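The values are calculated or read from the model by the stated rules, or taken from the named source; none is laboratory data. Source: prediction; values computed, not measured. We place every Cβ from the backbone using ideal geometry, glycine too, and count neighbours over all the protein chains shown. Note: areas computed on protein heavy atoms with side chains; ligands, DNA, RNA excluded. Shrake-Rupley method; radii C 1.70, N 1.55, O 1.52, S 1.80 Å.
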Amino acid sequence: MKINGICFLQNKELKGCLPHEQVAGVRWLEKETRRTLLKSGKKSALLVMESPRPKIIPGLEKGRPIFRISIKTTGYVTQLFQPTRIALLEKDAARQIEAEVRSLYDRGLKLGIDTLELGHSFYRKFPREWHHLNQEGVLPLTPDSLKSIEVEVKITDGGISKVRQRKTGADDRR
């Protein structure tokens, strides 16, 4: 079986569907994700990322809801197409994960859907404020509501034949 996309329901009403290619950011926020494949944005490697640990941190700023998302994940290199330092692979993977989550959020805004379930996390932390701010059971979100997405990627293994690692400082890893 293969998933073609995701459809979103809100208050028992279909709000819209997005194809699989546009919802890649969901995998980084699902607690059920155990392993997922990530192609390096510069086409230099194929990575397997394991058990992403997402955190959605809701807050209030000038009476409006804001959110910060933190994602930590580890992974390993399965294929290396060109020699690349581990630090660059980690940085590139973090950038790509952040872009996938941001893209999913932006697509949701266009459709009027809370694709990242930010309203739920806000309700859990600020129930009283949620009741004041919600409109028909939905927390209104704007492009400014998502303040930051911080991603930390740690590549733990590259295999001897794929990535040679030196036992030096963290910034000089290869």
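The H on the amide N of V151, modeled in the peptide plane, is under 5 Å from the matching H of I71, each at least 5 residues off or on a different chain. Backbone phi angles across segment 35-47, fed through the Karplus curve with coefficients 6.51, -1.76 and 1.60 (θ = phi - 60°), yield HN-Hα couplings of 9, 8, 8, 9, 8, 4, x, 9, 6, 9, 7, 10, 10 Hz in residue order; Gly and Pro are listed as x.
At full extension, S103 and E13 could sit 30.1 nm farther apart than now, given 0.36 nm per residue minus the alpha carbon distance.
Annotation: peptides 144-151, 56-63, ranked by per-residue average of other Cβ atoms within 10 Å with the highest first, follow the order 144-151, 56-63.
Helical runs (DSSP H, four residues minimum) scored at -39500 (n - 2.57) apiece and divided by the length of the chain put the mean residue ellipticity at 222 nm at -7500 deg cm²/dmol. Given their separation in residues at 0.36 nm each and the Cα-Cα distance between them, E50 and L88 gain 11.8 nm when the chain is fully extended.
Proximity of backbone amide H atoms, modeled 1.01 Å from N, is registered between L60 and I66 at under 5 Å, excluding neighbours fewer than 5 places apart on the same chain. The smallest convex shape that holds all Cα atoms of the chain, its convex hull, gives 134 Å³ per residue.
Relative contact order of segment 1-129: 24 percent, from C-alpha pairs under 8 Å at least 6 residues apart in sequence. Surface composition of the chain: carbon plus sulfur atoms hold 51% of the accessible area, using a 1.4 angstrom probe and ignoring ligands, DNA and RNA. Rounded to the nearest 10 degrees, the inclination of helix 86-111 to the longest alpha-carbon principal axis of the chain is 20 degrees. Under 5 Å from the amide H of K15 lie the amide H atoms of F8, L9, Q10, each residue being 5 or more positions distant or on a separate chain, with H modelled from the backbone and absent for Pro and chain starts. Projected label points at E150 and L111, each 7 Å from Cα along the beta carbon direction, are separated by 3.0 nanometres. Couplings 3J(HN,Hα) for segment 142-147, derived from phi with the Karplus relation 6.51 cos²θ - 1.76 cosθ + 1.60 (θ = phi - 60°), are 10, x, 7, 5, 8, 6 Hz, where x marks Gly and Pro.
Full extension of the chain between H120 and R95 gives 6.4 nm of extra length, using 0.36 nm per residue less the Cα-Cα distance.
Our coupling estimate for segment 7-12, obtained by passing each phi through the Karplus curve with A = 6.51, B = -1.76, C = 1.60 and θ = phi - 60°, is 10, 10, 10, 8, 6, 6 Hz, Gly and Pro reported as x.
Per residue, the accessible area of the chain comes to 64 Å², computed with a 1.4 Å probe over protein heavy atoms only.
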